[in-house]
Each structure stands twice: as structure tokens, then as C-alpha cells.
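The values are calculated or read from the model by the stated rules, or taken from the named source; none is laboratory data. Nothing here was measured: the structure is a model prediction, and the numbers come from that model. Every residue, glycine among them, receives a Cβ derived from its backbone with ideal geometry; neighbour counts consider all protein chains shown.
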Amino acid sequence: MAPQRKRATVSPTLHAFGRRFRKFREARGWSQENVASRANDGIGVTPQYIGAVENGRTRCTREFAATMDEAMGANGELLDLYDDLVKDAPFPIWFDWHLIEADAAEIEAFSLGVVHGLFQTPAYAAALLRNDQAAVEARIKRQDIFTREKPSPPVFSLLLDEGALHREARDPEVMREQLQHLAAVPPELATIQIVPGRADHDGNSGSFNIATMEDRTQIAYVESAARGLTMSEPEDLATLSRTMKSLRSLALPVSQSRDLILRTVERTWST
């Protein structure tokens, strides 16, 4: 399920922090590339990440703010702003996941009921979205993150519950195309593993994603019947990380997962 869409797409407090961050950067005469190279103890981040911070589209860590405060000679003002505006500011419920997804360096996902949106075919997506063409196009457009050159595509790992292979979307032809597409995803693009269907694993409460950003901040997205929820509280992230590790321990290896997908095509959707 896609996050609810509202008119606002950034947090006012994050935007206020980002606006002041930009003023410090411009006062030094630095481009986004210049300041990006000074982050992460010299390892750097992408200029796109700096842009996301300045536009209020992502929440940086306090460590990042401290590094930037020192580099830009803010004399503690940037840290004070972080504590006032960012530290305790939750991501708003209208925060669109696709903004985070597009900026992530790594994404781990578990999909319970259906194939993950980033790996759906147009016909499969249309079946799930009841032929809402605008929604289908938006979903398929998200897959551009795998073919972009800058920044590099995210490192993606998908765990897919076996039940999704057997849950029909519209008709057998759509399912054949979808599963064949899934089996053809190259491992260098994304690792896809099937979690054997069972009633006692920790993922049965629902699908979720964990994104790791350039500065190693983590943000999660959890699906619910009402809307998609973003969360960044350490306790929530720790719970989801434990669940992901538990599911990974149950998952078939990549090659066996691909074999199972193709067997399902032949046995279930080709007759």
C-alpha cells in the first residue's frame, strides 16, 4: 500500500533546519558538492543527500550536524538548531516513503501479501491498484532508482513470503508474467529470497521496509490497512531489525528461491 498523499511533502521543522543549514553553507561559499565531501569523517555523502537535508526531505543524525557545525564554523548554532528542531521531531504521518526510498543507500524489505512494488510488472500493479493508471505509472516510475547513474542504485535485499507466489492477481497470465519477471531480476540489482510459507514466523504481522541513508540513519516504513507509516524511533527500528534477521534465517538461498519461483510458474500458473 502506498503512503497517503497530502499536500505537504516535508516536515516544517526539518525544512526550517535545512534552510538555516543552507545559509551556513552559502556563507562559506561552498556548493553542495563541497560540503558533501566533508561529511562522515571525510568519507563524504552525495550532494543529493545534502539537498535532501536542506529541503527538509530527510532527517540527519546529530553526529552529521556536529560535523557540519564544525566544518562550517557555526560555533554550536547548528547543533542548537538540531536539538530544537530535529532531535525530537517525529516524521509526520504524511511523509511520503518514495522520497526516502529514492535517497536510500540500502533497503531491506519484507513483503507478505504481494510482490514488492519495486518489482511489480505494470499488469500486476494495475490489478492491485484497480486500473488506476496514474497510480500504476507512479509505482512503476519508482523503479527508476535501479537504472539511475547518480546517485548509485541502492543495495536492495527483498524477502518475499511464499504465499505471494500463489495469490492470484487478476488471472494466470498476469501471474506468469509477474513471477517470470521476478525470477529474472539479476542478483547484482537485488537479492530476492523466498520465505517458506508458515504460520509461526515473525513477519506475519505485515510487510515492512528498512532504509539506510548515506549518513547511516535508518528509517522504516510499515504497511497498515489505514496508511503507510514511517518511523525512526530506535526501539521501533530495533524490533524491525530483529524481525528481519529472524526472517532471513528462514529464507531460502537466492538460487533456490529462483528455482521455487519458476516451479510455481509451471505448476500453478501455466495450466
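With respect to residue 149, determine if the residue is of a type outside the set (Phe, Trp, Tyr), part of a loop (DSSP other than H, G, I, E, B) and more than 25 Å from residue 204 (Cα to Cα). When the stated conditions are applied, residue 149 passes them.
Quick grid of which residues meet (1) at pLDDT below 90; (2) of a type in the set (Gly, Ala, Ser):
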site	(1), (2)
48	yes, no
70	no, no
76	no, yes
84	yes, no
94	yes, no
111	no, yes
125	no, yes
140	no, no
144	no, no
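Which residue out of 28, 20 is basic (Lys, Arg) and touching a residue at least 60 places away in the same chain (Cβ under 8 Å)? Walk me through how you get there before you give the answer.
Values: 28 fails: touching a residue at least 60 places away in the same chain (Cβ under 8 Å).
Just one listed residue meets the conditions, 20.
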